[in-house]
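S.K.: I have a structure I would like to understand better, so I am pasting it below and will then ask my questions one at a time.
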Amino acid sequence: MDCVNGKRGLWLVKVPKYITVQWYKSTTADVGKLSISKVVAPLSGSGSESDIRFVLNDCLVQNADDRIPKEHKFVITNNNNAQKLLVYSQNGDKLCLEGTVVERAECRPSNNDKDYMQLKKLAISRASQPLRTVKQLDRVVNTYKPVSDHKNNIEFNNRKKTEGKNMRTDKEKVTEILFKAFEKHQYYAIKDLVGITRQPLAYLKQILKEFCNYNVTNSHKNKWELKPEYRHYKE
C-alpha cells in the first residue's frame, strides 16, 4: 500500500443529489468555486469563524434538467477524534492511502433560495404521482393472444371422446377378453387394457378390481396383473 499521502488532512463533504448528478454529467474539471472567509463571532465579539461558500459552475446550472441553486454554504462539523476516517483509492492493483478526514461538512443551499424551494416542490409532486395510470386507447390493440389449452385438459377431452365411443359389453365377454390378454403378457397399463377391451374406463376398473391386483410399489408400478388365484386357469 502506498502511504505517502497518509498524513494529509481531508474534508468529507455531503452534497445534495442534484449536485452529484451535474458533476457526473460535467465534461470539464472545473465544477465550481470555493471561497473561505473569516467572520467575527457575533456573541463574544472576539475570535472568528469560517464562512465557506461554494458556487456551482454556470454551465452546470444551465445544463440541469430543472432549475437548481447556484450558491451553497458549508456547515462544518469537527470530526470526532474517537472516529477516525481514512480515504483510500485504487488504481488497478495498487492501493493508496490518500489521507485522514479532519473536517466534516454538509453542503446546503440557502433556506430562502427560490430555485431550491421550487426544486423541493417538484420532487414532492413527482413522488406523489402514481407509477401506473389509466390511458384511454383510440385504436384497437391486438396484443392478447389465446393461450394453448392445458395439457391435462387435452388428455381429458381425448379420453372422454374415446370412452364415449366405447359401449358397455357383457361382463363375461369382457372377462374372457382380459384373460386372453393376460395369457400373452403378465402386466398391462390401464390405457392398453382400454384399447384391448374397448370398454369405458370406470366400467373396466370395476371388473379389474375383481380379478386383478394394481401394482403401486414394485418394478411394475401402475400396472395391472391377475390375482394369484386366477393365474393358473383352464382355457
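S.K.: Taking 8 Å as the Cα distance limit and 6 or more residues as the minimum spacing, I'd like the relative contact order of the chain as a percentage.
M.R.: Taking the mean separation of contacting Cα pairs over the length of the chain, I get 16 percent.
S.K.: Per residue, how many Å² of accessible area does the chain show with a 1.4 Å probe?
M.R.: Numbers: 18670 Å² over 235 residues.
Accessible area per residue, the chain: 79 Å².
S.K.: Quick one, what does Rg over Rh come out to for the range 166-230 if you take C-alpha atoms and the Kirkwood Rh? If you can, show how the numbers build up before the last one.
M.R.: Details: Rg = 11.1 Å, Rh = 11.9 Å.
Over the Cα atoms of the range 166-230, Rg/Rh equals 0.93.
S.K.: With r defined as the distance between the Cβ atoms of ARG67 and ASP149 and R0 fixed at 41 Å, what FRET efficiency is calculated, to the nearest 0.05?
M.R.: On the way: r = 58 Å, r/R0 = 1.42.
E between ARG67 and ASP149, to the nearest 0.05, is 0.10.
S.K.: Keeping the other protein chains in place, figure out the carbon and sulfur percent of the accessible area of the range 166-230, with a 1.4 Å probe.
M.R.: Working: 2090 of 4140 Å².
The C+S portion of the solvent-accessible surface of the range 166-230 is 50 percent.
S.K.: Under a Cβ-only charge scheme (Lys and Arg +1, Asp and Glu -1), can you give me the dipole magnitude of the chain about the Cα centre, in debye to the nearest 20? Show your work: numbers first, answer last.
M.R.: Details: 42 positive and 27 negative charges, 200 e Å.
About 960 debye.
S.K.: Follow-up question, since we're still on this one. Is the C-alpha gyration tensor of the chain telling us rounded, prolate or oblate? Criteria: a/c under 1.5 is rounded; beyond that, a/b larger than b/c is prolate, otherwise oblate.
M.R.: Numbers: a/c = 5.61, a/b = 3.10, b/c = 1.81.
Prolate is the answer for the chain, as a/c is 1.5 or above and a/b outweighs b/c.
S.K.: Moving on to the next point. Pick from ASP93, ASP65, ASP170: which is most flexible by mean-square fluctuation in a GNM of the chain where alpha carbon atoms under 10 Å apart are linked?
M.R.: ASP170
S.K.: Springs between alpha-carbon atoms under 10 Å, Gaussian network over the chain: tell me which of SER37, SER50, SER219 tops the mean-square fluctuations.
M.R.: SER219
S.K.: Also: Say each of TRP11 and ASN112 gets a label point 7 Å from the Cα, pointing the same way as Cα to Cβ; how far apart are those two points in nm?
M.R.: If labels sit at TRP11 and ASN112, their model points lie 2.4 nm apart.
S.K.: Related question: With everything on Cα atoms, drop me the angle between helix 171-184 and the longest principal axis of the chain, reported from 0 to 90° to the nearest 10.
M.R.: For 171-184 against the chain, the angle is about 80 degrees.
S.K.: Taking a probe of 1.4 angstrom, what is the accessible area of CYS96 in Å², to the nearest 10?
M.R.: Per-residue accessible area (CYS96): approximately 20 Å².
S.K.: With springs connecting C-alpha atoms under 10 Å apart, model the chain as a Gaussian network and identify which of ASP113, ASP51, ASP149 has the largest mean-square fluctuation.
M.R.: Between ASP113, ASP51, ASP149, it is ASP149 that shows the largest mean-square fluctuation.
The values are calculated or read from the model by the stated rules, or taken from the named source; none is laboratory data. Model, not experiment: these values are computed from the prediction. All Cβ positions, glycine included, derive from the backbone under ideal geometry; neighbour counts span all protein chains shown. Accessible surface areas use protein heavy atoms only, side chains included; no ligands, DNA or RNA. Shrake-Rupley method; radii C 1.70, N 1.55, O 1.52, S 1.80 Å.
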